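Asks: Just dropping this structure here.
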Amino acid sequence: MNSKERVLKTIMHQEPDRVPVGEWGIDHDHVSRIIGHHTYWRNRKDETIALWEGRRDEVVESQKNDCVELVEKLDYDIITVGLVPPKGYIHPYPPKKIGDGLWQDSKGTIYKYAPSNDSIMRISNPPPAKESIDEKDIEKAFEKIEKMDDSVFELVDYIGNKYGDEKVIVFRGIDIYGTLMNIFGGDHEHQLILPLIAPDEIKKMYDYAFEYNRKLIERCAKSKVTICMQGQDFGMNTSTIMSPAVIRDIYIPLIKRVNEEIVKNGMIPFFHCCGNIWSILDDFVGAGYKGYQSIQESAGMDTRKVKEKYGDKLTLWTGIQCETLVAGTIEDVEKEVRKNLEFLMPGGGFIFGSTNSVQYGAKTENYLKALEILRKYGNYNH
């Protein structure tokens, strides 16, 4: 049984030869330690600076080659990839360093280094906030679809051509939230308030959001992608990021339509979602999702209860909490992985990975220990 057969069998809620493994995301500090050299793979700070300096090809070549090296080192069954900047990408206003961890572009926008996740964040001049849009705004959005450069699929094509027949390729670029909301500009707070005060304005973007995702879906189908994933976090630590009623009214209809398109093109719809989403899990299942990546117990989710209630409907991609990878001991890791394997393995429908991702600053040795325990105890006895 090869990796692809293994994953497809567990998605059909049948027991394969062993639990398949892969990651939604593994940050660069761990990748560098595992492959033994610098990488741009999920390296937010270095990638941002390199792109500002016009070194797009250097970034993408690193991501292609280092992804292969990581997969070979860890024997992943699943490989998650996304879009890359188009060939010839040049930042329109390349920022210059103005201080320790500070940059400014020619429009006056300031960017600041965020050590918590090793990224560079925009801290001033958000796009102008809108509460309504007109036909011209929508036409401009559609023009972006027509102008999409095919080179943004360079990583997807490379990994799909190399591994698509033997491993499961996951495309993590399905965009529900951004395609509806980004046109309204403003900061995060503005975009959270807007569904309450202008839901009908947001719904004007339905056709654009669908067509944007449809183009991605059709292109992924040509690159041997098996799973298409939506990655918006609709949960917070105690509840959903907005009321379940708003999510059902605005987002679920589009999710259902996009998922139907994924299936129509011969692929499988999964979602990543951190936070507490108990109140909308039934809606996500009803909208056609077949897999759930994360299950954040620190936010009130319960992996065992999710398995009991949804284990025949959703493949659960989880197994070790990211908090354990960050702060746990080796003993904590072994205990948690073995406990989870006991109730997640029966009946299939289980892919092993971290909740959320293997985050920057977590303990690489904890993650490698989790994989070691999986290899030891994650075999099915048929």
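Asks: I need a count of the residues in segment 349-382 that are of a type in the set (Val, Ile, Thr) and assigned to a loop (DSSP other than H, G, I, E, B).
Replies: Step one: filter segment 349-382 for residues of a type in the set (Val, Ile, Thr), giving 351, 355, 358, 364, 373.
Adding the requirement that they be assigned to a loop (DSSP other than H, G, I, E, B) leaves 355.
Going through segment 349-382 one residue at a time, the tally reaches 1.
A quick yes/no check of all residues on (1) surrounded by 21 or more Cβ atoms within 10 Å (Cβ to Cβ); (2) in a helix (DSSP H, G or I); (3) in contact with a Gly (Cβ under 6 Å, 6 or more places away or on another chain):
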| residue | (1), (2), (3) |
| --- | --- |
| Glu218 | no, yes, no |
| Gln232 | no, no, no |
| Arg248 | no, yes, no |
| Glu260 | no, yes, no |
| Gln293 | yes, no, no |
| Lys313 | no, no, no |
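Asks: Specify the residue that is farthest from Asp165 (Cα to Cα); the eligible residues are those in segment 1-58 that are part of a helix (DSSP H, G or I) and of a type in the set (Ser, Thr, Tyr).
Replies: Thr48
Asks: Considering only residues of segment 69-109 that are under 27 Å from the mean Cα position of the chain (by Cα) and among the β-branched types (Val, Ile, Thr), which is nearest to Tyr40 (Cα to Cα)?
Replies: So, considering only residues that are under 27 Å from the mean Cα position of the chain (by Cα) and among the β-branched types (Val, Ile, Thr), the one nearest to Tyr40 (Cα to Cα) is Val84.
Conditions (1) surrounded by 19 or more Cβ atoms within 10 Å (Cβ to Cβ); (2) within 27 Å of Glu23 (Cα to Cα); (3) of a type in the set (Asp, Glu); (4) at pLDDT 95 or above, marked per residue:
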residue: Tyr163; (1), (2), (3), (4): yes, yes, no, yes
residue: Met181; (1), (2), (3), (4): yes, no, no, yes
residue: Leu194; (1), (2), (3), (4): yes, no, no, yes
residue: Lys222; (1), (2), (3), (4): no, yes, no, yes
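Asks: A further question on this structure: Does any residue in segment 296-307 that is assigned to a helix (DSSP H, G or I) come within less than 6 Å, Cβ to Cβ, of a residue that is modelled with pLDDT under 95 six or more places away or on a different chain, and which pairs are these?
Replies: Qualifying pairs under 6 Å: Ala299/Asn237.
Asks: When the residues of segment 262-280 are filtered to those that are over 18 Å from the mean Cα position of the chain (by Cα) and part of a helix (DSSP H, G or I), which remaining residue is nearest to Lys305 (Cα to Cα)?
Replies: Ranking the candidates gives Trp278 first.
Asks: Look through Ile123, Ile90 and report the one residue that is of a type outside the set (D, E, K, R), touching a strand residue (DSSP E or B) at 6+ places or on another chain (Cβ under 9 Å) and either surrounded by 11 or more Cβ atoms within 10 Å (Cβ to Cβ) or free of Cβ contacts under 8 Å to residues at least 24 places away in the same chain (or both). Working first, answer last.
Replies: Values: Ile90 fails: touching a strand residue (DSSP E or B) at 6+ places or on another chain (Cβ under 9 Å).
Criteria check complete, one pass: Ile123.
Asks: For the subset of segment 84-125 comprising residues that are among the aliphatic types (A, V, I, L, M) and not in a strand (DSSP E or B), which member is farthest from Phe171 (Cα to Cα)? Lay out the reasoning, then the answer.
Replies: Here is the first cut: in segment 84-125, the ones among the aliphatic types (A, V, I, L, M) are 84, 90, 98, 102, 110, 114, 120-121, 123.
Still in the running and not in a strand (DSSP E or B): 84, 90, 123.
On the way: Val84: 12, Ile90: 25, Ile123: 29 Å.
Among them, the one singled out is Ile123.
The values are calculated or read from the model by the stated rules, or taken from the named source; none is laboratory data. None of the values given here were measured: they were computed from a predicted structure. Cβ atoms come from the backbone with ideal geometry, glycine included; neighbour counts cover every protein chain shown.
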